[in-house]
């Protein structure tokens, strides 16, 4: 699924510009679909699943704004990503109009190929992941429906055969019962007692006691079932919750069938109860997982967009290198966190991942015990370490074979202290101003994690000391899902 190609629609009335977009985007390895007018674009959309639409604002007959409005009116395309390309100076009002029409981004002309590719790639990947999640959800729904059908079939057979009821009891998830409609006597089997969490020696089966075990919000289900049988209904099925004496809440599906005399009067009602708690919990877990995946994808995209938007460089090549380095650092720590189901990451693994691109022999010395970091702390430190390694490889100890780097860390009273010490490299001079990397490092460590970052630009090499609390006590850190958004805000302040 990860390598499945998606369709990217390119809309422009000028063939030369369409050809240029094809050349720029061909390296993405996706299917590029061409439309030379808004009308042609609408025809393509009705026939093809499109992940991203790249559309020129200024076109004859139907301009980009009008096309976007028509696309958004169709329910199928209300979430399709649209990127506007404008060869004219776009005012804030024009941008606002574009966003109201459904644009997700603007690209000015002349187009910077690397920027365009980066933007399109992000939305193509988001589309692919969204479709994959939809397929997983559909698969789960199919399996739940299949399981439900099996349970319905099983309960039908249980009503017809005492032998099959006994088999259900042995399975441990079902119980059967019988209610004499005339005398009011009840009979529960072992499975029924087990589901309700009571024992025959201490629990008297009667309507009042049974109702006391029902969840207050589901009591009406019992009353409704009785009313339906009094009206002549022969069978009834419903889902309901019970609250066991120990407080445990269980989900059940109950199926009942009435036995009538020759005059049609109800004589007896028999039924089967199935404990479906695990299925319900599985559905809840899947729903939470889907929300978490969507949340993390959006937050990761927000942080990546901030990195792209705020990185500064004198030339395109340097810009691309800086952006790719920071996004790759974020991707590496995400991989580590994914392997731990987002429970945390070892500090030594973060350092090893940053060391991987370098072949430095014995230039680097590490010293420190295993330290488990929370996800938010791990992400921030990963980006901070990336900035330190990048700066050292360009200007510091790692830029020469004679340079040496010592990284040590220790934990005392829930405070992580990491020391970065460079020696043997080029002569170091205190910089006149801080670059984006240094400023973002300071902002993320100090503002995001509540720690401190100190730099000592010694002549023999940089000495940096990071102090990071491992347990945050502020309200902001109780919601790790907000990390990326908060980091984005810190990066914006760092770029000022």
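Put in order of Cβ neighbour count within 10 Å, fewest first, the listed residues 235, 270 become 235, 270. Once both labels are positioned 7 Å from their Cα atoms along Cα-to-Cβ, the gap between residue 152 and residue 133 label points is 3.0 nm. Each label was represented as a point 7 Å from its Cα along the Cα-to-Cβ direction; for residue 432 and residue 140 these points are 5.7 nm apart.
Ordered by the number of other Cβ atoms lying within 10 Å of each residue's own Cβ, fewest first, 229, 203, 196 fall into the sequence 203, 229, 196.
Exposure proxy ranking for 80, 287, based on other Cβ atoms within 10 angstrom of each Cβ and starting from the fewest, stands as 287, 80. Annotation for the range 341-381 versus the range 199-257: alpha-carbon center distance of 55 Å. Placing pseudo-labels 7 Å out from each Cα toward the beta carbon at residue 246 and residue 5 gives an inter-label distance of 5.8 nm. If the segment from residue 417 to residue 338 were pulled out straight at 0.36 nm per residue, it would be longer than the present Cα-Cα gap by 25.9 nm.
Of interest is the spacing of the C-alpha centroids, which for the range 386-448 and the range 24-61 amounts to 46 Å.
Coordinate-derived values only; no laboratory data. None of the values given here were measured: they were computed from a predicted structure. Here Cβ is always computed from backbone atoms with ideal geometry, including for glycine, and neighbour counts include all displayed protein chains.
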